[in-house]
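This report refers to the structure that appears directly beneath it.
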Amino acid sequence: MSDIAALCLDFETANYDAASALALGLCAVDHGGGIVFKQSWLIRPEGRLYIRRDFIDIHGITPDMVRDAPTFRELWQDQFAPWFAAAPLLVAHNAGFDRRVLDGTMTRAEIDMPRKNWLCTVQLSRRSWPGLYNHKLSTVCAHIGFDLNHHDAGSDSEACAHILRAAAYFTQTQEKPDYAHA
């Protein structure tokens, strides 16, 4: 884990409450841009389980799917903490959202985390490809050739890793990488 340059993450939530995480995807990237770890988990929010219907329509996670899932607190020590500790940089698409959910979820679980630097791949994609119609995750992934399963936390976190690599490649060559051969 010592070679980790960044930890890409994505949350899916039950509702507008910042502490309502239902899923977390993590994707660790080494200094060469390679993916060294990727996994996602379903999470049962602490307290009352209420998932808005319109949120279910977006991510497909239902109450039955998370009713018996572990809480964030139960997963923290063995599953999440080592990756967060090893990563000097946290990366997300629309990082403000994921940062708010991480902060809210950790506060509710009564877990302290050291301060981390954040990088937003929305901002990175705007700087790297200013001519795109928009910089939504699906648009950027289509541009770089990553096959996204949008609103799946694992796929969304992996997409951030590919955006990092594509933006670094683009910066060096002014071309997009050929993922068919990556």
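Proximity of backbone amide H atoms, modeled 1.01 Å from N, is registered between ASN94 and THR121, VAL122, GLN123 at under 5 Å, excluding neighbours fewer than 5 places apart on the same chain. Annotation: amide H of ALA5 within the under-5 Å range of VAL29, ASP30, HIS31, sequence separation 5 or more or interchain, hydrogens built in the peptide plane. Largest mean-square fluctuation among PRO88, PRO45, PRO114, in a Gaussian network model of the chain whose springs join Cα atoms under 10 Å apart, belongs to PRO114.
Would you mind checking the tilt of helix 153-173 against the longest principal axis of the Cα atoms of the chain, expressed as 0 to 90 degrees and rounded to 10? Taking Cα atoms only, the helix is inclined about 20 degrees.
Here the Karplus curve 6.51 cos²θ - 1.76 cosθ + 1.60, taken at θ = phi - 60°, turns the phi angles of the stretch 140-148 into couplings of 5, 5, 4, 5, 8, x, 9, 7, 8 Hz, with x standing for Gly and Pro.
If a spin label sat at a point 7 angstrom from the Cα of PHE37 along the line to its beta carbon, the backbone N atoms of the stretch 67-87 nearer than 20 Å would be those of 70-87.
Express in nm, to one decimal, how much length is gained between GLU110 and ASP57 on full extension, taking 0.36 nm for each residue of separation and deducting their alpha carbon distance.
Details: separation 53, 0.36 × 53 = 19.08 nm, distance 3.02 nm.
So the chain would gain 16.1 nm between GLU110 and ASP57.
Using R0 = 30 Å, the C-beta based FRET efficiency linking LEU49 and ARG126 works out to 0.25.
Cα-based Rg of the chain per 2.2 N^0.38 Å, rounded to two decimals? Walk me through the numbers on the way to the answer.
Working: Rg = 16.2 Å, N = 182, 2.2 N^0.38 = 15.9 Å.
So the chain has a normalised radius of gyration of 1.02.
Taking 4.7 Å between beta carbons as the limit, the unpaired Cys residues of the chain are CYS120, CYS141.
Using only side-chain charges placed at the Cβ, +1 for Lys and Arg and -1 for Asp and Glu, the dipole size of the chain relative to its Cα centre rounds to 500 debye.
Read-outs throughout are calculated quantities, based only on the coordinates presented, and are distinct from any laboratory measurement. Every value quoted in this text rests on a predicted model; they were computed, and no experiment measured them. Here Cβ is always computed from backbone atoms with ideal geometry, including for glycine, and neighbour counts include all displayed protein chains.
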